[in-house]
Amino acid sequence: MTQNYPTHSKFKYDSLFISLSVTIMITCDVLVYKTLDFYDFKITFSGILFSFYFLISTIQTEVYGYRQGVKTVWIMVLYQSIFVMVIFVASHMQPENNQISMNFKSLFGEFWRVMVGTWTSVPISYFINGFVISSLKKVFLGRFFFIRYLIASMTTQAALLLSAYPISLSSKYNFNELITIITTTWSYKVVMSIILLPIGIILADKVKKLESADVYDWGISYNPFFLRGNKK
């Protein structure tokens, strides 16, 4: 086991995890209104991509520790907010200019809902994910990654959907459709987590070797507003 925060504070690949996380989440913002029908079920296209961010987030916390995961979440919230605000403002500027502008406003005119959803759902769900992964890693002394991964997946995805979709999608779908989307998307995400589990195990082990790091969060504070050090 390594110490809480290795002396080589500059990791080689952590910036890649942050970049991928921001890219996936911004893409999900655009795709949140796009749904796919599977018989009588609906699933959002963004829900498909979220499974990959969960994989990245879990590996980052597993390798680098809870604090690095918290840092990534706050970076995502900042960049997502900027992105959503720009799209929202652009959708309301001269919407009558042409048909494309009118269509753009029709789609993104209430994009502020996505931003509000981002401010609530992303911190809530992925702080939960980081806490579960970090805490169970200490409980199991780094073993049973597959159990920790699945427990975190079920709780994180539920928190994300229940906090985000009622805000983001309530203007586009009625109550029954919203419930169907939430339950279907949660089920899909859990199944996807199981499918991606072997990749997660391999990548976590590989990144640990490349970074020569395997952080255990002994004695840290899980306060998401405390970004540095290990004091409580």
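The values are calculated or read from the model by the stated rules, or taken from the named source; none is laboratory data. Small disclaimer: the values here were computed from a predicted structure and weren't measured. Cβ: placed from backbone, ideal geometry, glycine included. Neighbour counts: every protein chain shown. Heavy atoms of the whole protein, side chains included, go into the accessibility calculation; ligands, DNA and RNA do not. Shrake-Rupley method; radii C 1.70, N 1.55, O 1.52, S 1.80 Å.
In this structure, is S51 at pLDDT below 90 and of a type in the set (G, A, S)? Spell out how you get there, then give the answer.
Values: at pLDDT below 90: yes; of a type in the set (G, A, S): yes.
Yes: the conditions hold for S51.
In the set (1) touching a Ser or Thr at 6+ places or on another chain (Cβ under 9 Å); (2) open to solvent by 50 Å² or more (accessible area, probe 1.4 Å); (3) under 26 Å from E177 (Cα atoms), M93 fails one condition alone, (3).
For segment 93-113, taking the residues that are closer than 16 Å to S168 by Cα and hydrophobic (A, V, I, L, M, F, W, C), the one that is modelled with the highest pLDDT is identified as F108. Among the residues of segment 49-90, those that are closer than 30 Å to G219 by Cβ, of a type in the set (A, V, I, L, M) and open to solvent by 10 Å² or more (accessible area, probe 1.4 Å) comprise L55, I56, I75, V77, L78.
Taking the condition under 23 Å from L196 (Cα atoms) and touching a helix residue (DSSP H, G or I) at 6+ places or on another chain (Cβ under 6 Å), does Y79 pass? If you could, list the steps in order and put the result at the bottom.
On the way: under 23 Å from L196 (Cα atoms): no; touching a helix residue (DSSP H, G or I) at 6+ places or on another chain (Cβ under 6 Å): yes.
Judged against the criteria, Y79 is not a match.
No other residue among S15, S46, S121 is surrounded by fewer than 14 Cβ atoms within 10 Å (Cβ to Cβ) and of a type in the set (G, A, S) apart from S15. Annotation: K172 fulfils all but one of (1) outside any helix (DSSP H, G or I); (2) in contact with a Lys or Arg (Cβ under 6 Å, 6 or more places away or on another chain); the unmet one is (2).
Restrict the check to segment 201-215 and report whether at least one residue is in contact with a Ser or Thr (Cβ under 8 Å, 6 or more places away or on another chain), buried (at least 17 other Cβ atoms within 10 Å of the Cβ), at pLDDT below 90 and not basic (K, R). Checked segment 201-215: at least one residue is in contact with a Ser or Thr (Cβ under 8 Å, 6 or more places away or on another chain), buried (at least 17 other Cβ atoms within 10 Å of the Cβ), at pLDDT below 90 and not basic (K, R). Report yes if some residue within segment 39-47 is under 18 Å from Y216 (Cβ atoms) and either among the acidic types (D, E) or touching a Gly at 6+ places or on another chain (Cβ under 7 Å) (or both); otherwise report no. The answer is no; no qualifying residue exists. Filtering segment 173-193 to residues that are within 12 Å of S153 (Cβ to Cβ) and surrounded by 13 or more Cβ atoms within 10 Å (Cβ to Cβ) leaves W186, S187, Y188, K189, V190, M192, S193. Of the residues in segment 152-163, at least one is under 24 Å from L107 (Cα atoms) and open to solvent by 30 Å² or more (accessible area, probe 1.4 Å).
F140 passes every criterion in (1) under 18 Å from the mean Cα position of the chain (by Cα); (2) free of Cβ contacts under 8 Å to residues at least 12 places away in the same chain apart from (1).
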